[in-house]
Each structure stands twice: as C-alpha cells, then as structure tokens.
Amino acid sequence: MARAKQKESAGGRAQDAIALLKADHRQVEEWFEQFEKARDSDRKQKLATQICNALKVHTTIEEEIFYPAFLEATDDTDLHHEAVVEHNGAKKLIAEIEGSSPDDDYFDAKVTVLSEMIKHHVKEEEQRDGLFSKARDSDMDLDALGEQLAARKAELEGDEEDVEGTPPGGGRKSRGEEGRLMKGR
Ligand SMILES: [Fe+2]
Ligand SMILES: [Fe+2]
C-alpha cells in the first residue's frame, strides 16, 4: 500500500490549514443557499443558528491561529488587518441575528447582508494574490497549522453544543454520560 500522502482518503484526518478553512467556507455557503430557499420560521432559525455558530468558530480559529501565523510569515499587514476588520463587521451582524428571530421584519435582511459580507470576505481570502495564496507562497507550516486549527475547532464546537443543548447534527452525544454521572457512581 502506498502511503496515503498527507491527505486522508479513509479517515478524513490531516487537512492542511487552507483545505480546512476552505471546507468551512463551502459549508457556510451551502447553509446560506438553503436559508435563501427556506420558507418556514423553524427552518430559518435553525439555519441561521448553524451559520452564526459556524462563523464564530471559523473567525475565532483564523484569528487565534491562522492570521497571526500569516502575519508573522508574510509581514502583510494590509491583508491581515483588512481581514480582521471584516471579521469584526461580520461579528456585529452575527450578534444582531442572534438577538433577533424570524419573526423580526429585518431577520431575513440581516442574514442576506451577512451572506454578502461573508462572500466578499471569502473572496479576499481565496482569490489569486489573496490571503490564502500568499500563505501558500510563504514558509508557513500549513500541515501543522491544519492540526492546530482542527483541534481548536473541535474544542469550540464542543462549547457550542454545551450552550445549545443539541449539536447541529442532531446528535445525542453526551447524554449517556450525563446519565451515568447523575446516578452518582
Ligand atoms: Fe475564512
Ligand atoms: Fe476570515
């Protein structure tokens, strides 16, 4: 068997940093599209929550891990600072969406504008000469960063689940464990 070089194929492990961040982008884009088509309030609420949670995790891992490594490796303060400012704009809108509901007249507009902001931001990251391509051209260790991003992401997603009660996938994760703890053994 040839060594499955770096990438997965079976276990879905070991994405490099850029592959991981791009996969996040695609996931959120898909949810935005579904939101656009959604009609009933429950569905809209569910998608908006998924989108906001995913974006909070994504912006956090970029800001904690990827962006500082990018700045260190490239000294490109313009690209770095613009990305951070765009994150801050998105976070304000995310907070507004979280503070409202599909009953709010402006709910759909807020989600649509967030989607446009994110589309613009993702383009800045992914386009030719954008942040990701400059990262690729630098000496950043994208494999090591990929591992760090994945670990921090898993940790943050765990926190979201604790807050929300049920994970987006509709899981029943730690229920059994909770039960065991309750029995006091
Ligand atoms: Fe991103
Ligand atoms: Fe970003």
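What follows draws every value from the coordinates through simple rules; no lab data is involved. It should be emphasised that the depicted structure is a prediction, and the values quoted were computed from it without experimental measurement. As a convention, Cβ positions derive from the backbone with ideal geometry for all residues, glycine included, and neighbour counts pool all protein chains shown.
Checked against a 19 Å cut-off, the cross-linked pairs K91/K119; K44/K123; K44/K110; K22/K153 give Cα-Cα distances beyond that limit for K44/K123. Our coupling estimate for the range 43-50, obtained by passing each phi through the Karplus curve with A = 6.51, B = -1.76, C = 1.60 and θ = phi - 60°, is 5, 4, 4, 4, 5, 4, 5, 4 Hz, Gly and Pro reported as x. The charge dipole of the range 35-156, taken about the Cα centre with unit charges on the Cβ atoms of Lys, Arg (+1) and Asp, Glu (-1), comes to about 620 debye, rounded to the nearest 20.
Between E29 and E98, the distance separating the two model label sites (each 7 Å from Cα on the Cα→Cβ line) works out to 2.6 nm. Projecting the Cα atoms of A17, W31, T74 onto the charge dipole of the range 17-161 (Cβ charges, centred on the Cα centre) puts W31 farthest toward the positive pole. Taking R0 as 35 Å, what's the FRET efficiency between E72 and R39 from their Cβ-Cβ distance, rounded to 0.05? After rounding, the FRET efficiency stands at 0.15.
Per-residue Karplus couplings for the range 29-36, computed as 6.51 cos²θ - 1.76 cosθ + 1.60 with θ equal to phi - 60°, are listed in order as 4, 4, 5, 4, 4, 5, 4, 4 Hz, Gly and Pro entered as x.
Each Lys and Arg contributes +1 and each Asp and Glu -1, all at the Cβ; summed about the Cα centre of the range 72-129, the dipole is approximately 140 debye.
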